[in-house]
Amino acid sequence: MEKIQQAARIIASSSDVLVFSGAGVSAESGIPTFRGEGGLWERYPANIYANLPGLAGVFLLSKDRIASFFSDALRPLVEAKPNPAHEALARLEEAGKISAIVTQNIDDLHLAAGSREVLEVHGSAYRVRCSRCGSREGRSRKDINDVLDKLDVPTVSRRQMISALNEFAGKCLCGGRYRPDVVFFGESLPMDTIEEAADRASRCDCLISVGTSVLVYPAATVPAIASSCGARVIDINPTETTLSSTADVFVKMEAGKAMPAIADEVLRMTN
Ligand code: NAD
């Protein structure tokens, strides 16, 4: 509990606290991390499945494999609910103790928990983006479930799959085609969002890194910018990360246990 106290003291005595979150913060909501044990990349190699040309190739080779990939990647996402870590972060923002969350997650669970300042540097599974003009549109959990149901039918043909995916994505008013608003391997991050994240990182005086291995670049530069500009760093993760040894405090715990305990302490210290 000493680490919880230390983390809470740092947060309570800081004036601009930025959070950097990753897949681990949603693990207790039932969304597996990609690289952990039993993660998606064990069954579906990232060098093939994490980019659009790779996915197109798998689609041509085996439509069943692509249907099972979409189902395994997206069903846990649409079924997930915010967990105590997301809720604790939303409580801290509501109390004015954190200024924003920079998340690598695409699952919208910070927003669902009530956090308002959320920078989604890898996009969102609940949006599509026009490949011509860049405009964005939302898609609901029901939209995603409906398309997964259509792909999951064993007798579905490739043509029917393409038509279901096109219907889900839709067409922009400019005539361009919509595509998922998520960042695949090898693609650039949304410039406006990553610039704002870097700017906030350079101004904050405390950075909480929670549920991330801090290995995925360029997003992983966010904690490095904060620390090089003098912010104190708190790392929350059951496993050591690239930040743990240099962080001011390393809380070696699951986010769903650590975050509510830290939030309770911060609110007790500041009320
Ligand atoms: P990662 O898979 O590289 O690392 C996940 C980290 O979470 C690990 O360090 C692990 O030790 C930690 N972890 C596991 N369980 C935890 C828990 N209960 N509490 C706290 N930490 C826990 O994930 P990453 O660093 O976020 O990068 C992978 C990329 O894959 C991200 O960029 C993200 O876009 C994407 N991704 C997103 C989701 C999602 O939206 N929920 C899920 C998987 C992957």
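The values are calculated or read from the model by the stated rules, or taken from the named source; none is laboratory data. A quick note: this is a predicted structure, and the numbers were derived from the prediction, not measured. Please note: Cβ atoms are built from the backbone with ideal geometry, for glycine as well, and neighbour counts cover all protein chains shown. Calculation scope for accessible area: heavy atoms of the full protein, side chains included, ligands and nucleic acids excluded. Shrake-Rupley method; radii C 1.70, N 1.55, O 1.52, S 1.80 Å.
Figures for the structure shown
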{"quantity": "At most 12 other Cβ within 10 Å, DSSP loop - GluC sites (Glu not before Pro), segment 40-120", "calculated": "none"}
{"quantity": "Tyr44 long-range amide H proximity, modeled H, under 5 Å", "calculated": "none"}
{"quantity": "Cα-based shape type of segment 139-238, given that a ≥ b ≥ c are square roots of the gyration tensor eigenvalues and the cut on a/c is 1.5", "calculated": "prolate"}
{"quantity": "Taking segment 38-174 and dividing mean pair separation by its residue count, relative contact order in percent (alpha carbons under 8 Å, at least six apart)", "calculated": "18 percent"}
{"quantity": "Cα shape, segment 173-230, gyration tensor, a/c 1.5 rule", "calculated": "prolate"}
{"quantity": "Taking only Cα atoms of segment 1-156, radius of gyration then Dmax in Å", "calculated": "18.2, 60"}
{"quantity": "Whether segment 200-271 is rounded, prolate or oblate, judged on the alpha carbon gyration tensor where a/c under 1.5 counts as rounded", "calculated": "oblate"}
{"quantity": "Solvent-accessible area per residue, Å², over the chain with all protein chains present [probe radius 1.4 Å]", "calculated": "47 Å²"}
{"quantity": "Rel. contact order, % - alpha carbon contacts under 8 angstrom, at least six apart, segment 15-80", "calculated": "24 percent"}
{"quantity": "Within the accessible area of segment 1-95 (1.4 Å probe), percent carbon and sulfur", "calculated": "58 percent"}
{"quantity": "At 0.890 mPa s and 25 °C, Stokes diffusion of the chain via Kirkwood alpha-carbon radius, µm² per second", "calculated": "126 µm²/s"}
{"quantity": "Accessible surface of segment 217-271, 1.4 Å probe, proportion on carbon and sulfur as whole %", "calculated": "51 percent"}
{"quantity": "Per-selection Rg to Rh, segment 1-73 - Cα, Kirkwood hydrodynamic radius", "calculated": "1.24"}
{"quantity": "Segment 184-269: relative contact order in percent, alpha carbon pairs under 8 Å with at least 6 residues between", "calculated": "24 percent"}
{"quantity": "Full-extension gain in nm, Trp41 to Ser245, via 0.36 nm per residue minus C-alpha separation", "calculated": "70.7 nm"}
